[in-house]
Structure formats: structure tokens, C-alpha cells
Amino acid sequence: MYKKSYFPKISKVPYSGIDSLKSSLAFHYYNPDEVIGTKKMRDWLNFSVAFWHTFDQQLVDPFGDGTAQRPYSMFKGLDLAKARVEASFEFFDKLGVDYFCFHDRDIAPEGDTLRETNKNLDEIIDMITKYQESSGVKVLWNTANMFSNARFVGGAASSPFADIFAYAGAQVKKGLETAKRVDAANYVFWGGREGYESLLNTDMKREQEHLGHFFSMAADYAKEINYEGQLLLEPKPKEPMTHQYDFDAATTINFLKTYGLDDIYKLNLEGNHANLAGHTYQHEIRVARDAKMLGSLDANQGDKLIGWDIDEFPSNLYGATLTMYEVIKNNGLNEGKGGLNFDAKPRRSSFETNDMFYTHIVGMDTYAAGLRVAYRLVEDEVLDQFINNRYQSFNSGIGASIESGNENLASLEQYVLDRPQSQLIEATESGHLEQIKDTLNHYIVDTLRK
Ligand code: XUL
Ligand code: CO
């Protein structure tokens, strides 16, 4: 042990209910073993800490250096890597989270060659697997960082340079072996620099074909080594590249279908990425759910007033409610293999050690509250009633005939040709959106009061 304790002033974060309105180092809505409907809260939510934001991040922004004050900042190199692992397992235990996620390069430093880098990685993984055994903490997913190093300037699997494609292949091979060693429930690919800046110097089709080929090689290798976790792609529309190949859920699903990979891969969807693509988070989750490709979630939020990906901890109850609505309707995330990973970091001004806890507490409580409200909405069929009603004209008559494929354009013409405008207007109904939103507000307030 480098230190006996990294967070000596903090004890296990308890569930205190809502007796006090003031935030404290306690959960007000997250009561891990409480059963909501069919599952315990912890199993609906499978909360996960993102190693990179919580233990590596120095809280830089595009204009300023890091501000973070961390209890292991006196260490360097592999010592720092090891101290961070020690700190992280103390953190998971005190916070009461069951999972964490990491990139290969978050947890161990690079050497000069991949062989040296892999050796560093193995040393840290040895340590992590020991901690996993004693604590029971699991890995929700791991991934390869193929975007920070200068070699990935033009991408990894979509790089115009064959040596870099080869390097990325070798790195993912090690990543999948690591996933197997730590028994990661999922392995994630976020295409950091898989995209392009300008078509003036890019062969888009050739790059996308390379990418498709890369993902099929990765799937083959996962099979070869019997890695049984779920493979996931994580869409993001921009940052760092101007055009990202995995723009959003629909684009990514289309990409997977084009390369015959849609039976193998599912999606890891992130709140702020959805917003950057001009969607709500709920939209992205619904697209994946409808395609039966909902894998896991990176739970964070953006800020409409700032244009970049700020990875803010979620605190928006409305958004969390609608996200959890989709999760419940999906009966959980990929049969319990998915979870809510806080791909989120404290604000640059929240630099104290305590803030590492407060940020996770607000994120966990927000989603726990969202789960409680959403479960009631589903149970009471609040939205289902509105929606089923709205489409009821397709349940009989011409609507049922259209849905069963018995109509064609000529028969539809015959049906409406002489229908006066007044009758057509009568066939429509108000969407009652404000009424629904009012009901939703009542559900949020009423559920959380209890
Ligand atoms: C970047 C992002 C990544 C992925 C993993 O915006 O979300 O942290 O989740 O590489
Ligand atoms: Co993410």
C-alpha cells in the first residue's frame, strides 16, 4: 500500500432518505437493495465509475491547466498508476458502486514499444484482478484509447496509414484479452478519431471499409479467445473530428448493417453525445431499443450554453426520468449486462477531493430518482394510454387494413378522393402535449415526495 487511506475523512455513503433537504454525503433516493418492481435498484442501474474522469482527469478545459487536488498526486509513473488503483477501490467501496470502466491508457503508462506498454498494463491488471476478488467490484467495460497519442492523428482503424491500422489492431487484441482477464461485461469502441476533417484529402469509402473490416476482425478475435462480453460501439457526432463515422445511433446501426455486424455489436449511448447530434438522450435510446441494439449507457449531461462536450454529471431529473423510462420498457439494459457509467467529470471549479464523492452522489441520486418516477409512469401506463389512444384508428377499419398490407395507393385514393376537408380534420386529434407534460411534472413531484 502506498497510503493507508486516500479518503480518510469520508465514511461509507449511506442512504438517508429525504429527511434533510440539504445535500450531504448521503443518498436521498438511491437505496441499492430496495426493490423497484422486479429488480433491486442496484440491478436496474448497475452504476459504474469512469476511471479516466475520476482518477486521471486534472480538470483541464480548452483554456486552462488542471485544478484537481488528488490524494495521490505526489506519485509518478507506475507508482502513480498503482496508487490510483488503491484509491479507486477505496472510492468504489465508500460510494457503494459495483462497477467501473477504464481505457487501457488510463490505468497504466505507455512504454516506448507496444510490448513495453503491454507489460505495464499487465502489471496493473494483476493488481486490479486481486482487488476485484477481494471487493467483488466488477468491470462494466474496458476500451482502448486510440485517440490521444500523436500516432492517431488521422484516426486508428480509419487511419490513412497502414502501420497505424496495424497498431490499432494489436492494441484492440490486447484490449479484448484484458476484457477477458477482468471479466468485463462489455468491451466498448468509441471511435475517437474515426472520422475526417475534410473530403479534400480523405477517401471516406475506403476508410469506412477499413473500419468495417476492423470491427469484424475484433469480433473474430473475441470469439477465438472465448470472450463472452458484449461488444459495443459508442456513437458521437463531433469532437474531435469534424465528421465522425459513428455520428448517432441511427448512423451507427446503418453502418453495422452495411458490414453485416448488426448481430454482433450493440450500442453504448451517451447523453451529451445525443445532444451534440441534435437529439434528446431518450431519442437515441429509443432508436437502439427499437432495433434491439441497446447495450449500455454513459450517463452524463451537456450544457446548451457551452458548445463542446462537457461531460457534466447528470442532475436533470426530467431527463433521467425519461432515460429510465426507456430502460424499464427495455426490461433493463441488455439483460443486466449494461449499466450506467458516469462518463462525467467534476466542473473545473469543483477541485476538492470531496467533490469526487458529491459529483457521483448527485449523478446516482438523479438516476435513482428517475428510476422511481419512471417505474410509476410505466406501471400506471400513463404514456401508453395517451399513445395507444393516438394510434387507435390503425386498430380497425382502413387503418388495420393498411397495417396488414391489404391496401395500395389506388385503394387509398378511392378511400379519400371525395372526402371533404372537414371530415379529414375530424379524423385528427390534439396531441395533448402540455397536458402530458403537466402529468409528468405531477409524477415527478409526487413520487419523490414519498
Ligand atoms: C468521449 C467518450 C469516451 C468513451 C470511451 O466523448 O465518451 O470517454 O466513452 O472512450
Ligand atoms: Co462515453
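Take Met217 and tell me if it is under 27 Å from Asp106 (Cβ atoms), surrounded by fewer than 16 Cβ atoms within 10 Å (Cβ to Cβ) and not polar (S, T, N, Q). Against the criterion (under 27 Å from Asp106 (Cβ atoms), surrounded by fewer than 16 Cβ atoms within 10 Å (Cβ to Cβ) and not polar (S, T, N, Q)), Met217 qualifies. Please specify each residue of the stretch 366-391 satisfying the condition of being charged (D, E, K, R) and either loosely packed, with under 13 Cβ neighbours inside 10 Å or more than 17 Å from Asn331 (Cα to Cα) (or both). Across the stretch 366-391, the qualifying residues are Glu379, Asp380, Glu381, Asp384, Arg390. The set of residues in the stretch 184-213 being among the aromatic types (Phe, Trp, Tyr) and either under 24 Å from Lys337 (Cα atoms) or surrounded by fewer than 21 Cβ atoms within 10 Å (Cβ to Cβ) (or both) consists of Tyr187, Phe189, Trp190. Tell me yes or no: at least one residue of the stretch 40-51 is free of Cβ contacts under 8 Å to residues at least 40 places away in the same chain and more than 16 Å from ligand 1 (Cβ to nearest atom). Checking the stretch 40-51: at least one residue is free of Cβ contacts under 8 Å to residues at least 40 places away in the same chain and more than 16 Å from ligand 1 (Cβ to nearest atom). The lone criterion from (1) surrounded by fewer than 17 Cβ atoms within 10 Å (Cβ to Cβ); (2) touching a strand residue (DSSP E or B) at 6+ places or on another chain (Cβ under 7 Å) left unmet by Asn341 is number (1). On the stretch given as the stretch 251-287, residues that are open to solvent by 40 Å² or more (accessible area, probe 1.4 Å), within 15 Å of ligand 2 (Cβ to nearest atom) and over 20 Å from Leu211 (Cα atoms) total 1. The residues of the stretch 15-34 that are outside any loop (DSSP other than H, G, I, E, B) and touching a residue at least 24 places away in the same chain (Cβ under 8 Å) amount to a single one, Phe27. Set side by side, the residues Asp290, Asp311, Asp303, Asp248 differ, and just one is more than 13 Å from the chain's Cα centre (by Cα), modelled with pLDDT of 95 or more and open to solvent by 10 Å² or more (accessible area, probe 1.4 Å), which is Asp290. Annotation: of all residues in the stretch 43-63 being within 16 Å of ligand 2 (Cβ to nearest atom) and assigned to a loop (DSSP other than H, G, I, E, B), the one that is surrounded by the fewest Cβ atoms within 10 Å (Cβ to Cβ) is Gln57. Checked against the criterion of being surrounded by 20 or more Cβ atoms within 10 Å (Cβ to Cβ) and among the aliphatic types (A, V, I, L, M), the candidates Leu114, Leu80, Leu121 yield just one match: Leu121.
When every residue of the stretch 98-111 is checked against the conditions, none turns out to be basic (Lys, Arg) and closer than 19 Å to Val137 by Cα. Of the helices (runs of 4 or more DSSP H) lying entirely inside the stretch 389-450, those containing at least 1 residues that are of a type in the set (D, E, K, R) and within 30 Å of Asp19 (Cβ to Cβ) span 433-449.
Output the number of residues of the stretch 97-111 satisfying the condition of being buried (at least 21 other Cβ atoms within 10 Å of the Cβ) and over 22 Å from the mean Cα position of the chain (by Cα). Qualifying residue count for the region: 1.
The values are calculated or read from the model by the stated rules, or taken from the named source; none is laboratory data. Being a predicted model, the structure only gives us computed values, none of them experimental. Because the Cβ atoms are built from the backbone with ideal geometry, glycine has one as well, and the counts that use them run over all protein chains shown. We work out accessible area using only protein heavy atoms, side chains counted, and drop any ligands, DNA or RNA first. Shrake-Rupley method; radii C 1.70, N 1.55, O 1.52, S 1.80 Å.
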